[in-house]
Amino acid sequence: MGRKVFIFDYARCNGCHNCQISCKDEHCGQKWLPYAEEQPMTGQFWCKIDETIHGSVPKVNITYAIKMCGHCADCPLVEAAPDAVYRRDDGLVIIDPEKAKGREDLVNACPYGVVYWNEELELAQKCTGCAHLLDDGWDVPRCVDACATGGLRFGDEEDFAEEIAKADLLMPGGSVYMLNTPKRWVAGEVYDEEEDEVLIGATITIQGEDGVVLKTKSDEFGDFWFKQVDAQQYTIWLEAEGYLTRSFTVDATEKDGHVGSIALYKED
């Protein structure tokens with residue numbers, strides 16, 4: 001049996017939370033022994049979508065990211081309790097709900113915060129990759145089955161080799177790969193202050209500290225965006241026919257470079 005992996009694509013996830021809801025539907029109120037006891041209705045998210053807001057009004061965009069067990073090759077839970085936690089041939093890491101009884105230390109053994117303590121059952125719990133469904137003939141876990149956009153996929157590692165080569169790992173040594181991980185963006189608006197009108201078709205150029213030069217045009221709203229750029233400081237030039245060129249620097253090292261509304265002035 002080959003190693004199974006998850007592929008999460010930032011560019012395809014629209015934040016519908018179907019994966020998160022379907023996980024709850026599959027595991028709350030029902031147990032799947034010997035893989036898992038039932039998941040509590042509150043307090044645990046074996047699969048969760050986190051939302052991040054980038055920028056500030058009026059230049060804002062939202063990205064969504066998955067949070068789940070990475071099913072790591074060197075899982076610290078297996079090291080902490082080899083008699084109670086095991087890694088299957090397909091790579092899924094399972095906490096045995098019988099043998100792990102009372103092992104609250106397993107929660108802190110995971111450095112990524114994806115193992116939860118069920119106080120009522122005295123049991124550490126997490127994503128099982130829906131091992132019960134896979135062993136019953138399903139091709140994918142419930143979370144993947146519920147994804148309507150292809151933002152979350154699942155399958156054999158070799159089948160995703162091309163995408164894995166371009167992906168980031170959710171966790172080092174894990175089996176969850178992230179495509180199109182958000183980078184920085186530089187954005188703003190250009191306008192004619194004297195006419196109090198936006199400028200359409202102005203040329204905006206940015207150059208990073210790495211020397212890479214990018215160009216774009218302002219749209220019908222005077223807006224411009226440079227998306228998926230590296231985190232660094234940029235020099236920006238704004239040019240339009242009949243107007244004086246303006247240039248300045250924008251720091252996109254720690255956060256996105258929202259430069260606001262930039263006025264251009266007509267040549268004498």
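Below are the figures for this structure:
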| item | result |
| --- | --- |
| Some residue of segment 136-146 being in contact (Cβ under 8 Å) with a residue 24 or more places away in the chain, surrounded by fewer than 19 Cβ atoms within 10 Å (Cβ to Cβ) and under 25 Å from the mean Cα position of the chain (by Cα) | yes |
| Selection count, segment 187-213, where residues are surrounded by 18 or more Cβ atoms within 10 Å (Cβ to Cβ) and either among the polar types (S, T, N, Q) or farther than 18 Å from Phe226 by Cβ (or both) | 2 |
| Cβ pairs under 9 Å, 6+ apart, first in segment 168-188 and within 13 Å of Ala73 (Cα to Cα), second of a type in the set (S, T, N, Q) and buried (at least 18 other Cβ atoms within 10 Å of the Cβ) | Leu169/Ser175 |
| Segment 250-267: number of residues that are farther than 22 Å from Pro58 by Cβ and part of a strand (DSSP E or B) | 1 |
| Criterion (among the charged types (D, E, K, R), at pLDDT 95 or above and touching a strand residue (DSSP E or B) at 6+ places or on another chain (Cβ under 7 Å)) met by exactly one of Lys215, Lys227, Lys183 | Lys215 |
| Only one of Val60, Val78, Val93 that is more than 15 Å from Ala124 (Cβ to Cβ), of a type outside the set (S, T, N, Q) and not assigned by TED's automatic domain parsing to the domain that holds Phe221 | Val60 |
| Single unsatisfied condition, Glu162 versus (1) crowded, with 16+ Cβ neighbours inside 10 Å; (2) within 28 Å of the chain's Cα centre (by Cα) | (1) |
| Inter-residue pairs, beta-carbon under 8 Å, first assigned by TED's automatic domain parsing to the domain that holds Leu170 and in contact (Cβ under 8 Å) with a residue 12 or more places away in the chain and in segment 113-126, second of a type in the set (Ser, Thr, Tyr) and part of a strand (DSSP E or B), 6+ apart | Ala124/Tyr116; Gln125/Tyr116; Lys126/Tyr116 |
| Any hit, segment 200-211, residues being outside any strand (DSSP E or B), within 30 Å of Lys67 (Cα to Cα), among the aliphatic types (A, V, I, L, M) and outside the structural domain of Arg87 (by TED's automatic domain parsing) | no |
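Residue by residue, here is whether (1) of a type outside the set (S, T, N, Q); (2) farther than 26 Å from Lys183 by Cβ; (3) in contact with a Phe, Trp or Tyr (Cβ under 7 Å, 6 or more places away or on another chain) holds:
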{"residue": "His17", "(1), (2), (3)": "yes, no, no"}
{"residue": "Cys28", "(1), (2), (3)": "yes, yes, no"}
{"residue": "Gln39", "(1), (2), (3)": "no, yes, yes"}
{"residue": "Phe45", "(1), (2), (3)": "yes, yes, no"}
{"residue": "Asp74", "(1), (2), (3)": "yes, yes, no"}
{"residue": "Ala80", "(1), (2), (3)": "yes, yes, no"}
{"residue": "Asp90", "(1), (2), (3)": "yes, yes, no"}
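The values are calculated or read from the model by the stated rules, or taken from the named source; none is laboratory data. On a predicted model such as this, the values are computed, not experimentally measured, just so you know. Methodologically, a virtual Cβ is constructed for each residue, glycine included, from the backbone with ideal geometry; neighbour enumeration extends over all protein chains shown.
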